[in-house]
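Report on one structure; see the data block that follows.
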Amino acid sequence: MILPESPTQVPDALAFSGARWNDEGLSVRAAVVTDTPIPEESTMTDAHLTRAEAIRSLSIPASLLPADGRFGSGPSRIRDAQLETLSSRYRSVVGTSHRQAPVKDIVARIRRGLAELFSLPAGYEVVLGNGGASAFWDIAALSLVERRSQHLVLGEFSSKFAAETTAAPHLEEPEIISSEPGSLPSPVASADVDAFAWPQNETSTGVMVPVWRPEGTTPEQLVLIDATSAAGGIAVDISATDAYYFSPQKAFASDGGLWLAVLSPAAIERAQRLESGADRWVPAFLSLTAAIDNSRKDQTLNTPAVVTAALMAEQIEWMLEQGGLDWADRRTRETSGMLHRWAEGRPELSSFVSEPAARSQVVTTIDVDEAIDATAITSVLRAHGVVDIEPYRKLGRNQLRIATFPAVPVEDVAALIAVLDHVLDSTAGA
Ligand SMILES: Cc1ncc(COP(=O)(O)O)c(C=O)c1O
């Protein structure tokens, strides 16, 4: 791997992700995404502090509150009906062997359900394993990137995968195309890479990226899409991807701990070839071919998170009953659209993502005027059971971040808007 020799040679894109040169080499793990810092206490005016105090001490009428106050971008709300199955349908399954039919049946339902939800093209397979999307970055760096990858870096999560392939000693330094948080970069055809990587939804900023094969790419160049917060909430043409991977704790309203990936025949072939070569050591836990082999038997390499899998199977089947991915895509367009239209109508608020087409359907980021302390808003809502609308912690903005995954109904988003109107209107004169 070619490493820069001095701090001045750190690629711009990694400088964005907080890359630092230290005694041990290029440190790209301490990713810090900063843009507009939250005002320091000392720079706050009296009016700012008075309004913040008025907001924090507000009592919000119970009649305004949403039925369910969980609006987090992951972990995200789990529907009551899903949770109830743990003590009914799965009462005699949890706590039993994952090599026996009852648990294997849950894995089979996930694989079948996802195949239907994503209308899998011929030869594509649903594969799963333990660890979440972060584990899949390492798996991809070992078994899907052959020599060099290209990454779009537009926020914290996309910078993390780029950091992994940068640090991997068996890979060449990746091509990185970066853009400021809140904006949308585009992949560029390049004959010098064997994989393109970007997130369909950058959860830290609420930017949605189209999924397509960059013009001029050859069948040997894989498209690896981090769909962690997009899968199941945003429409996708799976045939434009070779690995569409995600975690269960977002649109699939489950708990964390598993990764899932829809793999193309080309991706499966690449993994088999790279792992059978003598020149690349792949730890057993990170072996994609072991995961593929086990998934084909509706198993995982080692003991899976069974409760997570059960909740996920329930959510996939519920989504299919509602009308599948088309339904989910329509719902998240509607709920996120409500939030953006509302923000546009209030002088104190503005959509963080200026380009309307790049605004996420599932993670809405709304900037709050610096005259109002957004942390006062999120804390008074938290005190009333409306939780997890804080901005991504490292983004450092005066912002609200509201998830509209398919499990979040229109009525709860309407109620959240009414609550926020109440907070802003009733403290306007403070
Ligand atoms: C876009 C994206 N990629 C990857 C991850 C990492 O997922 P996990 O924590 O399940 O490994 C997240 C987590 O929020 C994410 O939003």
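Below is a table of values for the structure above.
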| item | result |
| --- | --- |
| Checking VAL362 against (1) over 19 Å from PRO181 (Cα atoms); (2) in contact (Cβ under 8 Å) with a residue 40 or more places away in the chain, the condition it does not meet | (1) |
| Tally of residues being within 16 Å of the ligand (Cβ to nearest atom) and among the hydrophobic types (A, V, I, L, M, F, W, C) across the stretch 53-74 | 1 |
| Unmet criterion (only one of (1) farther than 26 Å from GLU314 by Cβ; (2) surrounded by fewer than 21 Cβ atoms within 10 Å (Cβ to Cβ); (3) of a type in the set (Gly, Ala, Ser)) for ALA415 | (1) |
| Qualifying positions in the stretch 349-370 - touching a helix residue (DSSP H, G or I) at 6+ places or on another chain (Cβ under 6 Å) and within 21 Å of ILE60 (Cβ to Cβ) | LEU349, THR364, ILE366, VAL368 |
| Some residue of the stretch 75-83 being more than 12 Å from ALA309 (Cα to Cα), within 16 Å of the ligand (Cβ to nearest atom) and of a type in the set (Lys, Arg) | yes |
| Condition met for ALA108 (free of Cβ contacts under 8 Å to residues at least 40 places away in the same chain, away from the ligand (no atom under 13 Å from the Cβ) and not charged (D, E, K, R)) | no |
| Criterion violated by PHE157 - all others in (1) among the aromatic types (Phe, Trp, Tyr); (2) in contact with a His (Cβ under 9 Å, 6 or more places away or on another chain); (3) not in a strand (DSSP E or B) satisfied | (2) |
| Residue in the stretch 161-174 that is within 14 Å of the ligand (Cβ to nearest atom), assigned to a loop (DSSP other than H, G, I, E, B) and in contact (Cβ under 8 Å) with a residue 40 or more places away in the chain present | no |
| So THR364, is it modelled with pLDDT of 95 or more, under 27 Å from ASP329 (Cα atoms) and β-branched (Val, Ile, Thr) | yes |
| Candidates SER204, SER287, filtered to the one that is in the same structural domain as LEU301 (by TED's automatic domain parsing), farther than 20 Å from VAL153 by Cβ and of a type outside the set (A, V, I, L, M, F, W, C) | SER287 |
| Failed item, numbered, when GLY129 is tested on (1) over 15 Å from the mean Cα position of the chain (by Cα); (2) within 16 Å of the ligand (Cβ to nearest atom); (3) surrounded by fewer than 24 Cβ atoms within 10 Å (Cβ to Cβ) | (3) |
| Every residue from the stretch 327-341 that is surrounded by 19 or more Cβ atoms within 10 Å (Cβ to Cβ) and of a type in the set (A, V, I, L, M, F, W, C) | ALA328, LEU339 |
| Output for the stretch 84-96, where each listed residue is of a type in the set (Val, Ile, Thr) and either within 16 Å of the ligand (Cβ to nearest atom) or not in a loop (DSSP other than H, G, I, E, B) (or both) | THR85 |
| Scope the stretch 235-260; condition within 12 Å of the ligand (Cβ to nearest atom), assigned to a loop (DSSP other than H, G, I, E, B) and surrounded by 24 or more Cβ atoms within 10 Å (Cβ to Cβ); matching residues | SER247, PRO248, GLN249, LYS250, ALA251, PHE252, SER254 |
| Test result for ASP138, more than 17 Å from the chain's Cα centre (by Cα), at pLDDT 95 or above and either away from the ligand (no atom under 16 Å from the Cβ) or buried (at least 16 other Cβ atoms within 10 Å of the Cβ) (or both) | no |
| Looking only at the stretch 153-186, and only at residues there that are of a type in the set (D, E, K, R) and in contact with a helix residue (DSSP H, G or I) (Cβ under 7 Å, 6 or more places away or on another chain), the one that is farthest from GLN221 (Cα to Cα) | GLU156 |
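The values are calculated or read from the model by the stated rules, or taken from the named source; none is laboratory data. Bear in mind the structure is a predicted one, so any value in this text is a computation, not a measurement. Note that each Cβ is placed from the backbone with ideal geometry, even for glycine, and that neighbours are counted across all protein chains shown.
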